[in-house]
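**Q** Can you read through this structure? Questions will come right after.
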Amino acid sequence: MDNFETLTYGVENRVATIALNRPKTLNAINQTMRRELNQLIAAIEQDQAIRIVVIRAAGRGFSAGTDLSEGLAGYSTIDEQIQQEYKPILMAIAQSSKLYIAAIQGACVGIGAALAMSCDLAVMADDAYLYLAFASLGLVPDGGMSHHLVNALGYKKALQLFAEAAKLSAAECEKYGLINKRVASDALESQTQIWAQALAKGAPLSQQFGKHILRNVHTSSFEQTLDLESKLQTTCSTSQDSQNAIMAFFDKKEAEFIGR
């Protein structure tokens, strides 16, 4: 899985790192990158040795969004392109059993911002920014960006930022809860890896099912959430990991999790 044209990839201490690697175009997402992301994310999902996935980017910016120079890249409409090429990537991240962390530097634009926001967690360089460029091109948000913005900012603020084609600084992203951590730009990669490797020591089943519960809160009633928690708590509490962790707690030892 290392012969990619638009990505670089590596695994260390149960953490997989995908880097968008078209720095000369500010990592504009072309058709090849979409296909390679789909392929790689699917392969990572099947690899039980991987627990955490980091998505980062080479060069001075995270992504300029879609590579507009390609047009529709063979599709009749942009809807077909989104449904066939972007949606599988974004849904695979949302539905993954693993936690995804975005490491964001420089400009993070359009559907590139949607890719970053689709991750479960995010670390952002203090001089980075999200650029909601859609309206300036006569477009609407895509890639699920409306969902992320309204959930974090509320309707009125989200609509204002969209209509103004605004830029959101790292400080503003942190304020609104769009990211988890803001760090110095020269520490982005190291701090993200430190956090990812700490999370990789956690309980895989807890992370998988906790993600599933929290991802579904906004589309579920209180009772449905309670019932889902109860069901998945049974799965977790009867796991080997949970039983070993409880024994380690009483023995005052650090628990080791194997994912079963």
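The values are calculated or read from the model by the stated rules, or taken from the named source; none is laboratory data. Predicted model, so just to flag it, every value in this text is computed and none were measured. Neighbour counts run over all protein chains shown; Cβ positions are idealised from the backbone, glycine included.
**Q** Which ones in region 1-25 are farther than 14 Å from ARG56 by Cβ and in contact (Cβ under 8 Å) with a residue 40 or more places away in the chain?
**A** MET1, ASN13, ARG14, THR25
**Q** Scan region 210-230 and give yes if some residue there is surrounded by 17 or more Cβ atoms within 10 Å (Cβ to Cβ), touching an Asp or Glu at 6+ places or on another chain (Cβ under 9 Å), over 22 Å from LEU20 (Cβ atoms) and not hydrophobic (A, V, I, L, M, F, W, C), otherwise no.
**A** Yes, region 210-230 has at least one match.
**Q** For the structure I just gave you, tell me whether LEU137 is modelled with pLDDT under 95, over 14 Å from ALA116 (Cα atoms) and either surrounded by fewer than 15 Cβ atoms within 10 Å (Cβ to Cβ) or in the same structural domain as GLU189 (by TED's automatic domain parsing) (or both).
**A** Yes, satisfied.
**Q** Write out, first by first residue and then by second, each pair whose Cβ atoms fall under 6 Å of each other, whose residues are 6+ apart or on separate chains, and whose first residue, in region 232-246, is at pLDDT below 90 while the second is surrounded by 12 or more Cβ atoms within 10 Å (Cβ to Cβ) and not in a helix (DSSP H, G or I).
**A** Short answer, once both residue conditions are applied: ASP241/ALA203; ASP241/PHE257; ALA245/ALA255.
**Q** Give the residues of region 12-28 that are closer than 21 Å to GLN105 by Cα and either in a strand (DSSP E or B) or of a type in the set (Phe, Trp, Tyr) (or both), sorted by residue number.
**A** Within region 12-28, VAL15, ALA16, THR17, ILE18, ALA19, LEU20 meet the criteria.
**Q** Shifting gears a bit: Would you mention how many residues in region 177-205 are under 27 Å from GLN48 (Cα atoms) and surrounded by fewer than 15 Cβ atoms within 10 Å (Cβ to Cβ)?
**A** Adding up the residues that qualify gives 4.
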